[in-house]
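The values are calculated or read from the model by the stated rules, or taken from the named source; none is laboratory data. Quick caveat, the model's predicted, so the values are computed rather than measured. Cβ: placed from backbone, ideal geometry, glycine included. Neighbour counts: every protein chain shown. SASA here: full protein model, heavy atoms, side chains in, ligands and nucleic acids out. Shrake-Rupley method; radii C 1.70, N 1.55, O 1.52, S 1.80 Å.
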Amino acid sequence: MTAPVRTPLVISVPVEGMTCASCVAHVEDAIASLPEVEAVRVNLATERADISFRAAPDLAKVRGAVAGAGYTIGTEPVELDVTGMHCASCVSAVEDALKAVPGVSAASVNLATGRATVSRMKGAAVDRELVAAIVAEGYGAERHDTVRTPDAVIDRERALRATGLRALVAAVLTAPVVVLAMGPHLVPAMHHWLSMTFGAGFSSYVQLVLTTAVLAGPGGRFFLVGARTLARRKPDMNALVAIGSGAAFLYSVVATIAPSLLPEGAVAVYFEAAALIVTLILLGRYLEARARGRASEAIGRLLRLTPKTATVMRGGVPTDTPVDQIAVGDVVLVHPGERIPVDGVVTEGGSWVDESILTGEPVPVEKSGGSKVLAGSINRAGAFSFSAAGVGADTFLAGIVRLLEGAQAAKLPIQAIVDRITRWFVPAVLAVASLTFLVWLALGPAPALGSAVVAAVAVLIVACPCAMGLATPISILVGSGRAAELGVLFRRGDALQSLSTVGIVAFDKTGTLTLGRPLLTDLVTAEGVGESDLLRLAAAAESRSEHPLARAVVQAARDRGIPAATPSLFTAEAGRGVVAAIDGVKVQVGNRELMAEAGALDAQLESEADRLATEGKSVFFVAADGRALGVLAVSDPLKPGAAAAISRLRAAGRRVVMITGDRRSTALAIGREAGIDEVIAGVTPAGKLAAIRDLRTTGATVAFVGDGINDAPALAEADVGIAMGTGTDVAIEAAEVVLPSGNLEGVPTAIAISRATLRNIRQNLFWAFAYNVALIPVAAGLLYPLTGLLFSPILAAAAMALSSVFVVANALRLRAFAHTRRSLPGATPDITVRKG
């Protein structure tokens with residue numbers, strides 16, 4: 001016979017960065033140097049490398065070899081919804097199955113969210129291959145829908161009801177078994193009545209039938225999945241339950257049907273233990289699923305924000321239209337009290353809109369022509385129409401859901417330790433249970449066989465990998481959801497862990513600590529001059545100037561309802577100010593030099609101007625017909641709440657630094673007002689990057705808060721980047737945390753909730769490990785020499801079911817996390833008025 005011809009495994013991977021034939025040669029040489037590669041062919045036109053492997057492919061090595069040659073292998077993320085997972089071993093099995101699919105470079109599975117995040121090479125590992133790999137392990141899977149709808153919540157509720165129904169059916173069937181097994185021990189007359197009425201073996205046969213129904217019906221999945229995982233040598237919790245309840249059941253069957261096969265004195269039935277094990281664990285899963293549903297309510301509430309229909313103009317006629325049929329450019333009508341269905345720009349009308357659920361801003365925001373409106377927000381007052389600009393997956397609301405899902409699906413660094421332990425946990429439990437059985441069989445008191453079975457089953461059942469698997473992801477799920485409700489979005493879940501250890505918080509100034517636009521902040525009048533008169537003349541004189549400071553004066557007059565006057569003459573004097581004729585009066589607005597020339601200097605006003613200048617404000621004088629009228633000061637003021645936020649950070653032991661490109665005098669003034677520990681001024685974007693690096697050399701974890709394009713390098717360099725949601729897209733993309741409303745109170749809130757989440761995770765991990773370390777030896781019979789009692793498998797099942805419920809319930813405490821909002825973001829500071 002001739003040996004079968006081996007067909008090499010060929011994988012095609014995309015290679016990015018090649019521009020010439022030399023690039024092709026470099027890539028081919030790099031890949032061919034790997035020992036498992038048999039042949040490689042690189043095509044410059046298609047930018048792909050076809051690789052033949054003589055052994056199991058290691059795509060991580062391929063990627064490393066290509067990177068070493070100076071090129072990259074293109075990858076893309078894929079998300080899958082996975083059903084049927086219940087413990088950390090399930091997570092490991094799914095991750096291993098996905099990583100074994102050719103073309104997959106990384107896979108991460110989250111037990112709490114039931115989500116698998118896969119990084120695959122572009123053009124490789126199509127969706128059906130990923131789904132098939134998961135299904136082959138005994139779990140369900142489908143591609144995650146990026147456009148989530150309220151139907152997703154309905155599906156989850158339907159699954160919860162099905163779990164509850166299985167638990168209820170199991171309880172109904174188990175109840176008679178428990179009565180028949182325990183009743184005669186509690187009421188001796190019952191045993192006599194059953195024996196005389198139905199015969200000696202009646203009770204055991206009824207228990208056999210009912211327990212068979214429990215194990216084959218509601219408990220059937222334990223055996224199906226457990227057998228499959230055992231066959232693949234990847235046992236999970238289902239295998240533990242199947243072996244434990246199955247052993248108790250089979251022993252009882254032998255004792256009922258063929259008692260002569262058992263040693264003398266060892267004839268006993270444990271049908272109630274087998275049935276109750278399954279029933280209690282199903283009940284535990286139902287309670288756990290309910291609690292996990294509450295844990296993910298943050299996303300559920302967001303999904304319910306979008307109405308199902310909206311009023312859209314079709315052919316000039318208002319028409320009720322499903323939201324998923326709205327297209328960009330459609331004109332949508334919104335009436336008072338309605339939710340806005342998609343993002344857009346107001347084209348007609350105006351109103352006040354409540355955006356609190358999206359941005360954390362508690363005060364309704366005024367909307368008029370040209371204003372942006374967001375899907376999910378509520379129209380509180382008037383009616384208006386708007387042009388749809390973002391629909392489906394492109395709305396701000398959909399972006400929040402994606403960010404929240406991404407953060408919740410992430411694995412923190414602390415989870416790596418848990419993953420390593422859980423990979424050998426179930427095999428270790430099987431080994432301990434086997435050893436327990438053998439020790440009891442060899443050394444236990446007669447009849448040893450019954451005691452050996454009870455102890456081994458108790459060990460199998462009490463062990464709980466579920467609690468270990470849920471400890472970290474369930475806390476992330478609740479913590480990030482609560483953060484979103486408080487106006488803090490974690491773009492990356494691992495920021496929860498790194499933010500909890502932050503020792504230094506560095507802020508950009510303009511647009512982050514300050515409003516980002518000049519405002520009139522101070523108005524000092526000369527004796528006998530009214531503030532309205534001063535502002536009216538100054539605004540009229542500045543009305544034709546294009547200078548940003550001039551526009552601040554004009555806007556201040558408009559905000560106060562002061563009627564605008566039109567100058568009949570206007571002259572701008574470079575570097576000095578402006579001169580205008582208003583109602584026959586010659587008005588000068590400018591610096592000291594201009595006032596001196598007009599003969600309008602006033603010692604008291606000059607003193608006030610000097611004081612305001614030391615506060616970093618831009619100061620200019622106002623005179624009319626040679627008479628000094630007053631002094632105006634314009635600055636980019638601190639955001640309301642900035643000082644309170646910094647005070648909270650310092651009270652919590654954080655060092656606060658400001659890094660800005662502004663001049664030192666202005667920066668120091670803002671720093672003093674805000675209560676900043678250290679000011680680094682006059683730096684370029686590269687200087688901000690260097691400043692962050694210098695701060696990190698202290699050994700502290702550094703967070704940087706910014707909003708502009710020039711802040712992106714510093715946001716990326718910091719251990720944690722926090723971007724204002726009111727800033728640029730570039731800054732947001734470079735950050736790990738986003739504050740949608742731009743309210744700086746979100747910074748201490750983000751740190752506080754990250755610390756609370758990490759503390760909650762540690763509590764969960766302590767419980768999960770302490771529970772197993774304490775109860776597995778007890779179940780094995782550690783206390784038998786002292787008490788003469790064995791740990792019942794029924795108690796073991798109850799303890800195991802409640803352990804994971806405890807972990808979820810502890811995580812739910814994060815929903816009560818609260819912070820104190822001390823300010824209303826976006827308000828305009830009052831103008832300080834003084835008499836000169």
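Couple of notes before you dig in:
- Candidate values (1) 41.0; (2) 52.3; (3) 38.2 were compared with mean projected area of the Cα convex hull in nm² computed on the shown model; the agreeing label is (2).
- Take every Cα pair under 8 Å whose residues are at least 6 apart in sequence, average their separation, divide by the length of the chain, and the relative contact order is 12 percent.
- Whether the stretch 682-736 is rounded, prolate or oblate, judged on the alpha carbon gyration tensor where a/c under 1.5 counts as rounded: oblate
- Total formal charge among the other residues, if their Cβ is under 10 angstrom from that of Ala383, Lys/Arg +1 and Asp/Glu -1: -2
- Positive-end extreme of charge dipole, the chain - chosen from Leu404, Ala600, Gly217 (charges on Cβ): Gly217
- A straight line joining the Cα centroids of the stretch 42-102 and the stretch 469-497 runs 27 Å.
- Prolate/oblate/rounded label for the stretch 469-616 (Cα gyration tensor, a/c 1.5): prolate
- Among Thr19, Val585, Leu9 - extreme Cα towards positive end, dipole of the chain, charges at beta-carbon: Leu9
- Neighbour net charge for Ala227 - beta-carbon separation under 14 angstrom, K R +1, D E -1: +3
- Solvent exposure of the chain as accessible area per residue, Å², 1.4 Å probe: 42
- Sulfur and carbon atoms: percent of accessible area, the chain [1.4 Å]: 59
- Among the listed pairs Lys509/Lys617; Lys372/Lys688; Lys122/Lys688, those with a Cα-Cα distance over 25 Å are Lys372/Lys688; Lys122/Lys688.
- Inter-part distance where the stretch 301-345 and the stretch 208-238 are each reduced to a Cα centre, Å: 49
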